[in-house]
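The values are calculated or read from the model by the stated rules, or taken from the named source; none is laboratory data. No experiment lies behind these values; they were computed from the predicted model shown. Using ideal geometry, Cβ is built from the backbone for each residue, glycine included, and neighbour counts are taken over all protein chains shown. The protein model used for the area step is the full one, side chains on, heavy atoms only, and it has no ligands, DNA or RNA in it. Shrake-Rupley method; radii C 1.70, N 1.55, O 1.52, S 1.80 Å.
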Amino acid sequence: MSAATAQEDPIVKALQEFTTCDVSDALIKLKYRNGGFLSGLTMWSPQRQDGDTKIVGPAYTVQYVPLDDPRPKHPSHYIDSVPAGAVIFVSCPPKTPNAVYGGLMSARAKASGGVGSVIDGRFRDLQEQRGLGFPIFARDVGTAPPAELLKVAGVNVPVKLQTDEQDMTVRPGDYLIGDVNGVVVLPMELAEQAIPLMKKQVEADEKMAVEIAKGMSFSEASKKFRL
Amino acid sequence: MSAATAQEDPIVKALQEFTTCDVSDALIKLKYRNGGFLSGLTMWSPQRQDGDTKIVGPAYTVQYVPLDDPRPKHPSHYIDSVPAGAVIFVSCPPKTPNAVYGGLMSARAKASGGVGSVIDGRFRDLQEQRGLGFPIFARDVGTAPPAELLKVAGVNVPVKLQTDEQDMTVRPGDYLIGDVNGVVVLPMELAEQAIPLMKKQVEADEKMAVEIAKGMSFSEASKKFRL
Amino acid sequence: MSAATAQEDPIVKALQEFTTCDVSDALIKLKYRNGGFLSGLTMWSPQRQDGDTKIVGPAYTVQYVPLDDPRPKHPSHYIDSVPAGAVIFVSCPPKTPNAVYGGLMSARAKASGGVGSVIDGRFRDLQEQRGLGFPIFARDVGTAPPAELLKVAGVNVPVKLQTDEQDMTVRPGDYLIGDVNGVVVLPMELAEQAIPLMKKQVEADEKMAVEIAKGMSFSEASKKFRL
């Protein structure tokens with residue numbers, strides 16, 4: 001997906017209306033496991049799991065591997081090729097104490113029109129990240145740069161979520177959606193089918209919420225509005 | 001415990017004065033392991049481990065199990081039978097990526113007079129939860145509904161805390177107390193004994209804090225006020 | 001290091017200008033593993049990983065061990081001997097559900113001129129900690145006191161970070177630096193070498209940030225200012 005199309009993509013526009021939970025509801029209906037939820041990746045900037053921040057965009061993936069991995073180091077710096085509208089997804093070997101992403105990365109990504117970064121590992125420079133107002137979702141904070149342990153072996157390649165608890169993959173161009181509930185991957189080939197399912201469920205749930213607040217039972221409201 | 005008595009229960013009223021730490025101090029004196037602390041369950045709504053929110057009430061328990069569990073699915077929706085004054089405690093198999101509790105559950109619980117929910121697993125719709133001002137304590141956030149993986153097999157049955165690090169059980173009617181420090185279970189049969197111990201220790205600790213601020217050593221203050 | 005020298009120590013003064021990330025950058029250049037980062041220890045007070053709070057000081061270490069450890073219990077209470085300017089570092093066996101540090105400890109530490117506490121385990125009384133405005137970094141919250149499980153066996157002895165993911169030790173007098181990114185140990189014998197490296201990198205990074213915001217690539221900015 002080119003820089004221009006990422007921002008004008010009607011899927012990206014349509015997804016602006018929905019929460020990560022809405023996306024997962026639709027993906028569950030389409031039998032996509034765990035509704036696309038990517039566990040362990042939570043919002044750190046501009047606020048810690050607070051506020052209305054939401055990011056939506058096609059994934060631009062980066063794969064860090066241990067220095068002794070046989071693959072060669074990627075020849076250029078990944079941060080200089082971020083398409084406008086993209087969500088950067090940085091994969092890092094599990095349990096790495098060092099951070100794989102810092103403040104200058106976000107300064108550069110912001111200048112390129114990137115909409116946020118999702119770090120499957122540690123990031124650093126939290127003060128700078130918040131100062132930039134750049135959205136960061138990550139596993140945890142850190143302080144040390146990664147070069148003593150890791151190198152980038154791939155850019156825009158499929159990467160697996162670094163957890164034993166799920167089997168999830170993010171491919172370049174898959175949609176990433178992040179908000180206070182976490183991060184969801186919407187596989188690109190399911191996006192067109194998923195959007196109308198989101199609209200339908202949100203409408204039903206809004207009606208249910210109104211009736212439940214008035215005293216209707218959940219079972220009755222569900223029967224009335226969800227079927 | 002019936003809906004009416006939960007709210008008028010003198011134990012619930014007495015516990016309003018104390019923090020979770022005060023409850024644990026008393027339970028340690030009564031030799032109850034870990035002072036009733038239930039590790040891993042922290043405040044997410046109305047704020048993330050901030051503010052003065054505290055919940056107290058008898059537990060109304062819900063047990064989610066894997067779909068292939070031999071027990072049948074509970075015949076009605078648990079959320080339609082929450083007693084006024086109760087704290088909902090939802091148990092979920094460990095490491096489930098899907099959420100077991102969402103915004104409509106809190107809308108319904110609030111309408112019934114429930115005082116908060118403790119989720120031993122993931123919950124979702126954090127924006128809605130905060131919009132409702134309904135207290136939520138949980139292991140983590142999530143986005144996907146649970147029906148592809150789990151079913152409710154029991155309501156108001158004893159449930160074990162889902163951790164390898166402690167052996168703790170919550171039984172229907174045990175008191176649950178939650179604040180910024182986490183969640184504590186006060187077994188119903190220990191409650192009457194525990195309350196006077198809380199009062200005594202809080203009084204001693206307040207005196208200690210005053211003298212320590214003035215420069216007294218901890219050892220001296222402890223000797224003077226705790227014995 | 002005596003109480004008086006801790007506060008007047010030129011190293012402590014120099015470190016006030018730098019973030020934990022700056023310290024780690026310098027330690028990586030000096031080949032100190034993980035740039036001194038101590039994983040898992042994050043800010044809880046005065047705010048939860050927010051604001052400008054930073055602590056710097058020589059470590060005053062405390063070692064909790066299981067009750068059945070053959071070493072005798074330390075004869076006096078460690079909190080009554082905290083030097084002015086020190087950062088308290090409390091080590092606790094991994095996966096202990098009980099807290100090893102509470103509000104009265106901070107009241108006493110504050111009265112002695114301690115600058116903050118780092119708890120490699122659980123702490124409690126979060127409301128009191130914030131009320132005191134005393135900086136706390138820790139693994140997690142808790143509610144129960146530790147005496148049923150643990151005793152203090154050593155004060156001002158080297159302690160290992162309680163994690164399988166790193167091999168890090170904190171020795172009495174090593175510098176501890178904590179901010180929103182976490183906690184870093186700066187071994188005392190590396191401090192003098194490290195400070196000038198911090199200054200140099202911060203200057204280069206500030207220039208890079210300015211040019212990157214104007215549109216320069218990261219690679220070009222790095223070549224121009226870091227070499």
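Skip the ligands, DNA and RNA, and give the accessible area per residue of the range A:1-156 with a 1.4 Å probe, whole Å².
Numbers: 5380 Å² over 156 residues.
Accessible surface, normalised per residue, equals 35 Å².
Can you compute the charge dipole magnitude of chain B about its Cα centre, using +1 on each Lys and Arg Cβ and -1 on each Asp and Glu Cβ, nothing else charged? Give it in debye, rounded to the nearest 20. Walk me through the intermediate numbers first.
Details: 25 positive and 27 negative charges, 21 e Å.
Charge dipole, chain B, about its Cα centre: 100 debye, nearest 20.
For the range A:139-227, what is the charge dipole size about the Cα centre, in debye to the nearest 20, if Lys and Arg each add +1 at the Cβ and Asp and Glu each add -1 at the Cβ?
On the way: 11 positive and 14 negative charges, 61 e Å.
Once rounded to the nearest 20, the dipole reads 300 debye.
List, shortest first and in nm to one decimal, how far the label point of C:Gln47 (7 Å from Cα along Cα→Cβ) is from its counterparts in the other copies.
The answer, with the shortest distance listed first, is 1.2, 1.2 nm.
Hey, can you grab everything whose amide H is under 5 Å from the amide H of B:Ala86? Only 5+ residues off in sequence or another chain; H modelled, so Pro and N-termini drop out.
Residues meeting the criterion, in which the H sits 1.01 Å from N, are B:Val115.
Work through the residues other than A:Pro10 whose Cβ is under 14 Å from its Cβ and net out their charges, Lys, Arg +1 and Asp, Glu -1.
Values: positive: A:Lys13, A:Lys199; negative: A:Glu8, A:Asp9, A:Glu17, A:Glu192.
Its environment carries a net charge of -2.
Taking H placed 1.01 Å from N in the peptide plane, check which residues at least 5 places from C:Gly121 or on another chain put their amide H under 5 Å from its amide H.
HN-HN under 5 Å from C:Gly121: C:Arg139, C:Asp140.
Report for chain C the percent antiparallel among DSSP-assigned beta bridges with both residues inside it, nearest 5. Walk me through the numbers on the way to the answer.
Numbers: 21 of 37 bridges.
The answer is about 55 percent antiparallel.
How many Cβ atoms of partner chains, on average, are near each residue of A:159-169 if near means within 10 Å of its Cβ?
Details: counts 0, 0, 1, 0, 2, 1, 4, 4, 0, 1, 0.
Partner Cβ neighbours, averaged per residue: 1.
At a probe radius of 1.4 Å, what is the per-residue accessible area of B:Arg139, in Å² to the nearest 10?
Accessible area, nearest 10 Å²: 80 Å².
With contacts defined as alpha carbon pairs under 8 Å and 6 or more residues apart, what's the relative contact order of chain B in percent?
Numbers: 478 pairs, mean separation 63.5, N = 227.
Dividing the mean separation by the residue count of chain B yields 28 percent.
Give the lysines whose C-alpha is closer than 22 Å to that of A:Lys199, dropping any in the same chain fewer than 8 places away, or say none.
Within the straight-line limit of under 22 Å, A:Lys199 reaches these lysines: A:Lys13, A:Lys29, A:Lys31, A:Lys54, A:Lys207, A:Lys223, A:Lys224.
Assign unit charges at the C-beta atoms only (+1 for Lys and Arg, -1 for Asp and Glu), then state the dipole size of the range C:38-159 relative to its Cα centre in Debye, rounded to the nearest 20.
Working: 12 positive and 10 negative charges, 7 e Å.
The dipole magnitude comes to about 40 debye.
Per-residue accessible area for B:Asp68 at 1.4 Å probe radius, Å² rounded to 10?
For B:Asp68, solvent-accessible area is about 130 Å².
Given only helices, namely DSSP H runs of n ≥ 4 each adding -39500 (n - 2.57), what is the per-residue ellipticity at 222 nm of the protein assembly as shown, to the nearest 500 deg cm²/dmol? Each step should come with its number before you reach the end.
Values: 21 runs with 211 residues, N = 681.
Value at 222 nm, helices only: -9000 deg cm²/dmol.
So the label point sits 7 Å from Cα along the Cα-to-Cβ vector; using that for A:Val157, what distances do you get to the other copies, in nanometres, sorted shortest first?
In nanometres, ordered from closest: 4.8, 4.8.
Would you kindly derive the ³J(HN,Hα) couplings of the range A:9-15 from the backbone phi angles with the Karplus curve 6.51 cos²θ - 1.76 cosθ + 1.60 (θ = phi - 60°), listing them in order in whole Hz, with x for Gly and Pro?
Using θ = phi - 60°, the values come out as 4, x, 5, 4, 4, 4, 5 Hz.
Just the Kirkwood number for the range A:159-227, please: inverse of mean 1/r across all distinct Cα pairs, in Å, one decimal. All intermediate terms of the calculation are to be shown ahead of the outcome.
Values: mean 1/r = 0.0681 Å⁻¹.
Every distinct Cα pair counted, the radius reaches 14.7 Å.
For C:His77, what accessible area in Å² do you get when you roll a 1.4 Å probe over the heavy atoms of the protein chains, rounding to the nearest 10?
C:His77 exposes around 50 Å² with every protein chain in place.
What total accessible area, in Å², is buried where chains A and C meet, using a 1.4 Å probe and rounding to the nearest 100?
Values: alone 11100 and 11080 Å², together 19920 Å².
Its buried surface, counting both partners, is about 2300 Å².
Pick out which of C:Pro146, C:Pro196, C:Pro97 has the largest mean-square fluctuation in a Gaussian network model of chain C, springs linking Cα atoms closer than 10 Å.
C:Pro196
For peptide C:121-133, compute the average count of partner chain beta-carbon atoms within 10 Å of each residue's beta-carbon. If you can, show how the numbers build up before the last one.
Numbers: counts 0, 4, 1, 10, 7, 9, 9, 4, 2, 2, 1, 2, 0.
Counting Cβ atoms of other protein chains within 10 Å of each residue's Cβ and averaging gives 4.
How much of the accessible area of the range A:117-210, in percent, comes from carbon and sulfur atoms when a 1.4 Å probe is used?
53 percent
List, shortest first and in nm to one decimal, how far the label point of C:Ser81 (7 Å from Cα along Cα→Cβ) is from its counterparts in the other copies.
Between copies, matching label points for C:Ser81 lie 6.0, 6.0 nm apart.
Classify the protein assembly as shown: rounded, prolate or oblate, from the alpha-carbon gyration tensor (a ≥ b ≥ c, eigenvalue square roots; a/c under 1.5 rounded; otherwise prolate if a/b is larger than b/c)? Walk me through the intermediate numbers first.
Details: a/c = 2.06, a/b = 1.00, b/c = 2.06.
Here the protein assembly as shown falls in the oblate category.
Which whole number gives the average count of other chain Cβ atoms within 10 Å of the Cβ atoms across peptide C:203-211?
On the way: counts 0, 0, 6, 0, 0, 4, 7, 1, 2.
Average per residue, whole number: 2.
Treating only the Cα positions of the range B:1-105 as identical point scatterers, give the base-10 log of I(q)/I(0) from the Debye formula at each q in 0.10, 0.13, 0.18, 0.23 Å⁻¹.
-0.39, -0.66, -1.20, -1.45
Run through all the Cα pairs of chain A and give the fraction in each 10 Å bin from 0, expressed as whole percent.
It works out to 8, 32, 34, 17, 7, 2, 0, in whole percents.
Quote the FRET efficiency, to the nearest 0.05, computed for C:Asp164 versus A:Lys31 with a Förster distance R0 of 41 Å and r equal to the Cβ-Cβ distance. Don't skip to the answer; put the middle values down first.
Values: r = 37 Å, r/R0 = 0.90.
The value I calculate is 0.65.
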